[in-house]
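First up is the structure itself, then whatever we jot down about it.
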Amino acid sequence: QVQLVESGGGLVQPGGSLRLSCAASGSIFSRNAMAWYRQAPGKQRDLVALISSAGGTNYADSVKGRFTISRDNAKNTVYLQMNSLKPEDTAVYYCHTDVGFRSYWGQGTQVTVSS
């Protein structure tokens, strides 16, 4: 069983920054790719960023150059540093990983970008 717990969301003004954290249980963390998704009201859940077990990264075009995903295997934690935030970044952000054929999600953390 894998548990993912996100934190770090909140209300921020346009142009501001937030750092999200996702703490994962279990000893499989270092061998798994980890990802951040987001879902705005009335929209589908979309991939924001992904980091492989080796540290390779991929980003949605909408966040390239503004968001950075990273991981600390010693702490079983993945981070999402979000800079230059825009109102359209407002969404619930979810941490995700797959273990075998099972898909795991965190409970989500709300990010609101508004003046």
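The values are calculated or read from the model by the stated rules, or taken from the named source; none is laboratory data. Because the structure is predicted, anything quoted here is derived from the model rather than measured. Glycine also receives a Cβ, built like all others from the backbone with ideal geometry; neighbour counts cover every protein chain displayed. Remember, those area values only see protein heavy atoms, side chains included, never the ligands or the DNA or RNA. Shrake-Rupley method; radii C 1.70, N 1.55, O 1.52, S 1.80 Å.
Given GLY8, GLY65, which one is of a type in the set (Gly, Ala, Ser) and touching a strand residue (DSSP E or B) at 6+ places or on another chain (Cβ under 8 Å)?
Numbers: GLY65 fails: touching a strand residue (DSSP E or B) at 6+ places or on another chain (Cβ under 8 Å).
Every option except GLY8 fails the conditions.
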Checklist entry - Say we look at the stretch 59-80 and pick out the residues that are of a type in the set (D, E, K, R) and either open to solvent by less than 30 Å² (accessible area, probe 1.4 Å) or not in a strand (DSSP E or B) (or both); which of these is nearest to GLY9 (Cα to Cα)? => result ARG66
Next on the checklist: Condition check: surrounded by 14 or more Cβ atoms within 10 Å (Cβ to Cβ) and acidic (Asp, Glu). Does GLU88 satisfy that?
Outcome noted: no
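Taking the conditions exactly as written (touching a helix residue (DSSP H, G or I) at 6+ places or on another chain (Cβ under 8 Å) and either free of Cβ contacts under 8 Å to residues at least 24 places away in the same chain or surrounded by 18 or more Cβ atoms within 10 Å (Cβ to Cβ) (or both)), does ALA54 satisfy them or not? Full working, then the answer.
Numbers: touching a helix residue (DSSP H, G or I) at 6+ places or on another chain (Cβ under 8 Å): no; either free of Cβ contacts under 8 Å to residues at least 24 places away in the same chain or surrounded by 18 or more Cβ atoms within 10 Å (Cβ to Cβ) (or both): yes.
Against the criterion (touching a helix residue (DSSP H, G or I) at 6+ places or on another chain (Cβ under 8 Å) and either free of Cβ contacts under 8 Å to residues at least 24 places away in the same chain or surrounded by 18 or more Cβ atoms within 10 Å (Cβ to Cβ) (or both)), ALA54 does not qualify.
Here is a yes/no grid of residues against (1) farther than 20 Å from VAL2 by Cα; (2) part of a strand (DSSP E or B):
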site: LEU20; (1), (2): no, yes
site: ALA23; (1), (2): no, yes
site: VAL48; (1), (2): yes, yes
site: GLN107; (1), (2): no, no
